[in-house]
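Scroll down for the structure; my scribbles are underneath it.
Values quoted throughout were computed directly from the atomic coordinates according to the rules given, and no laboratory measurement underlies them. Because the structure is a prediction, the values reported are computed rather than measured. In this analysis, Cβ positions are derived from the backbone assuming ideal geometry, glycine residues included, and neighbour counts consider all displayed protein chains.
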Amino acid sequence: MLGSASAHGVIAVTDIDRAKKFYSETLGLDLLEERSSGLQYGAGGGTRFLVYPSQFSGASETTSMAFMVDDIDAAVKGLRDAGVTFEEYDLPGLKTVDGIADAEGERGAWFKDPDGNILALGQEK
């Protein structure tokens, strides 16, 4: 049924101005459209996502969105230089070392936006 449908992500935030600064300036993403329902951002490959105001932001304890990159080491360094703090995990089957984990065919790193939404970087091996 949905095989030909496009998809985009949505991320809830409490403070849209603070989120705009983080997603635009800190992460360096392209703000495509600002509207009453939120901020529409573009990422690579024509993907897009909406950052919208909600009292329920940051409630999820799982990854909200992942950004696939070609060089995770460079991406982590660049975001750290911009003030982003990466999470450290030591879970069964997943352990980060200096913020980066090697998992089945991918490398990953996780960080939070100002509302506590968990975002990830991923790189295929």
Study note, to complete from the structure: Once both label points are put 7 Å beyond Cα along the C-beta direction, the residue 70-residue 17 separation in nm becomes 3.8 nm
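When 65, 1 are ordered from fewest to most other Cβ atoms inside 10 Å of their Cβ, what list results?
Ordered from fewest to most neighbouring Cβ atoms within 10 Å, 65, 1 come out as 1, 65.
Counting other Cβ atoms within 10 Å of each Cβ, which GluC sites (Glu not before Pro) in segment 1-88 have at most 14 and sit in a DSSP loop?
61, 87, 88
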Practice item. Add +1 for every Lys or Arg and -1 for every Asp or Glu among the other residues with Cβ under 9 Å from the Cβ of residue 99, and state the total. Key: -2
Review point. Once fully extended, how much extra length lies between residue 26 and residue 87, figured as 0.36 nm per residue of separation less the alpha-carbon to alpha-carbon distance?
Key: 20.3 nm
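Taking 1 over the mean of 1/r across every pair of different Cα atoms in the chain, what Kirkwood radius in Å do you get? Could the numbers behind the result be given before it?
On the way: mean 1/r = 0.0652 Å⁻¹.
Final number for the Kirkwood radius of the chain is 15.3 Å.
Can you tell me how much longer the chain between residue 125 and residue 106 gets when fully stretched, taken as 0.36 nm per residue apart minus their C-alpha distance, in nm with one decimal?
Working: separation 19, 0.36 × 19 = 6.84 nm, distance 0.52 nm.
Length gained between residue 125 and residue 106: 6.3 nm.
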Study note, to complete from the structure: Over the chain, the sum of -39500 (n - 2.57) across DSSP H runs of at least four, divided by residue number and rounded to 500 deg cm²/dmol, gives at 222 nm -3000 deg cm²/dmol
Review point. In degrees between 0 and 90, to the nearest 10, how far off the longest principal axis of the chain does helix 72-81 point, with axes built from Cα atoms?
Key: 60 degrees
